[in-house]
1. Tell me, yes or no, whether the stretch A:233-245 has at least one residue that is at the interface with chain B (Cβ under 8 Å from one of its Cβ atoms), out of contact with any strand residue (DSSP E or B) (no Cβ under 6 Å at 6 or more places or on another chain) and surrounded by 13 or more Cβ atoms within 10 Å (Cβ to Cβ).
2. Can you tell me which residue within the stretch B:78-95, out of those that are touching a residue at least 24 places away in the same chain (Cβ under 8 Å) and of a type in the set (D, E, K, R), is farthest from B:Val35 (Cα to Cα)?
3. Could you say which residue among A:Leu217, A:Leu201 is more than 30 Å from A:Ala143 (Cβ to Cβ), away from chain B (no Cβ under 12 Å) and modelled with pLDDT of 95 or more?
4. Looking only at the stretch A:378-395, count every residue that is touching a residue at least 24 places away in the same chain (Cβ under 8 Å) and on the phi > 0 side of the Ramachandran plot and tell me the total.
5. Does the stretch A:20-32 contain any residue that is aromatic (Phe, Trp, Tyr), at negative phi and touching a Cys at 6+ places or on another chain (Cβ under 8 Å)?
6. Can you find even one residue in the stretch A:287-303 that is surrounded by fewer than 17 Cβ atoms within 10 Å (Cβ to Cβ) and over 20 Å from A:Gly230 (Cα atoms)?
7. Inspect all residues belonging to the stretch A:54-62 and state whether any of them is buried (at least 19 other Cβ atoms within 10 Å of the Cβ) and not charged (D, E, K, R).
8. Within the stretch A:173-182, is even one residue crowded, with 23+ Cβ neighbours inside 10 Å, at pLDDT 95 or above, of a type outside the set (Asp, Glu) and in contact with a Leu (Cβ under 6 Å, 6 or more places away or on another chain)?
Amino acid sequence: MGKVVAVTGNEAVANALRQADPDVCSLYPITPQTDIVQRFSSFVANGQVQTELLNAESEHSAMSAAIGAAAGGGRVITATSSQGLALMWEMLHIASGMNLPIIMPLVNRALSAPLNIHGDHSDGMGARDTGWVQLWSENAQEAYDNTIMAFRIGEHLEIRLPVMVCMDGFIVSHSIARMEYLGDDEVKNFIGPYQKVNPLLDLEHPKSFGPLILTDLYHEYKRLQHEIMGRVKNVVLQVSDEFAKQSGRKYGLFESYRLEDADIALVILNSAAGTSKDVIDELRDKGIKAGLLKPRLFRPFPYAEIGQALRHLKAVCVMDRADSFGGYGPMFMEISSALYQADGEGRRPKLINKIYGLGGRDYMPGDARKVLLELNEISKGAPLGAVKEYMGVRE
Amino acid sequence: MKKWTELVPGAVVLEAGSSARFKTGSWRTFRPRWVPENCIQCLMCWLYCPDMAVNVVDGKMTGFNYDYCKGCGVCAKECPGKQGKKAIVMEPEGK
């Protein structure tokens, strides 16, 4: 049965990993993720899981070991943040290219330079094209639920893909919040035993991973990878439905908040979505029809569904806690694409992009209010300024 | 050639020993030539060859398998030869 607790995001995720009882955990500490693998190491030391723990000498090695263990035929986890993810970069592509369902919490943190340990999304957005499934989480509850579902999604026989579960560094990872655990048996039954696919350690059937594939077939293998990524959306919906039956908590590809009858809306990921919802309620009370869309599945990106959910609006601000220098914010580029393809019968919302909260800069209700009031003016015909602007920056 | 729909996800090769069908000898620009009179049958060439391209029959070196020899020259480098004369010499292909 469920148990209501007050825990940090890291503690919640560490417990989801404990309940999944993976075969192998390869790890390397990095702030703000360290707390997850530290707690998980205690579970191993205390005999609460049967996991083989590997202390690697870097994140590159941690991901390499995870790949080896997963190819061997094990359920494998690791966790990282920021520079750690950046150091894993080449191995991330190998995990996805080999269809190895490694599960990895990513506690989002800014990238150097300048050095910063606080929460923003530049690490996860940088891994956009690595072929990993990405689930994003607003709070400890969502991070916990997404971690449990990640095993079912990644290990699904139609896809077999690695999954990154993202939550905001410090803001969620180190803040204590109310959430609800599922029982150990419930999680065990929900995730089920690990199903091996082409394990290297099946010595009766020798096989090879990582062959050289040149001009003759590489293009075809990438086409297959694209096909498999295309199946993820339905798997996520199916697993989320089953999870809702178990837990009572419903998840889709994204969350819509007061969006259906809205004129203006924010598109915003993770913890800042929670702050924004309060302000939306406040503006609704004043008669401003504001709403919000919070993406959950960022890779693969559900373009058609999100385009459909936003196309009726008059004005939308896409909030990015990361920048693509020389481009728009990474989320803005996706939303622009989604809306361009959406069938709006010639109608499309006015679209602006705000870069906010880099390096863990606080995102306050006043920030959400300011953007929503600007959108309200735009929806009434006020001229658009710059498409992309830094919010709350000292001038 | 296979279509993308016929491929194994993850590019896993499910058949053991299939690299035997991939003849790497066409990469060679230098070929090793065996000089039997200088050979002491130490089998260092067989030990060092990265492509198992040294033919050994009944414990004796008998020459090279040019279907797989890439011409790397490791065998010639390691060959101790006899009285200062190498039993393996590298020669340009097509000479």
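1. The answer is no, given that none of the residues of the stretch A:233-245 is at the interface with chain B (Cβ under 8 Å from one of its Cβ atoms), out of contact with any strand residue (DSSP E or B) (no Cβ under 6 Å at 6 or more places or on another chain) and surrounded by 13 or more Cβ atoms within 10 Å (Cβ to Cβ).
2. My answer is B:Glu93.
3. Details: A:Leu217 fails: away from chain B (no Cβ under 12 Å).
A:Leu201 is the lone residue from the list that is more than 30 Å from A:Ala143 (Cβ to Cβ), away from chain B (no Cβ under 12 Å) and modelled with pLDDT of 95 or more.
4. Residues that pass the stated criteria total 1.
5. Applying the first criterion (aromatic (Phe, Trp, Tyr)) to the stretch A:20-32 yields A:28.
Checking which are at negative phi leaves us with A:28.
When the remaining residues are screened for being touching a Cys at 6+ places or on another chain (Cβ under 8 Å), the result is none.
No, the conditions are met nowhere in the stretch A:20-32.
6. For the stretch A:287-303, residues surrounded by fewer than 17 Cβ atoms within 10 Å (Cβ to Cβ) and over 20 Å from A:Gly230 (Cα atoms): present.
7. Residues of the stretch A:54-62 buried (at least 19 other Cβ atoms within 10 Å of the Cβ): A:59, A:62.
Next, only the ones that are not charged (D, E, K, R) stay: A:62.
Within the stretch A:54-62, one or more residues are buried (at least 19 other Cβ atoms within 10 Å of the Cβ) and not charged (D, E, K, R).
8. No, the stretch A:173-182 has no match at all.
The values are calculated or read from the model by the stated rules, or taken from the named source; none is laboratory data. Keep in mind it's a predicted model, so treat the numbers as computed, not measured. Positions of Cβ are generated from backbone atoms using ideal geometry, with glycine treated the same way; all protein chains shown enter the neighbour counts.
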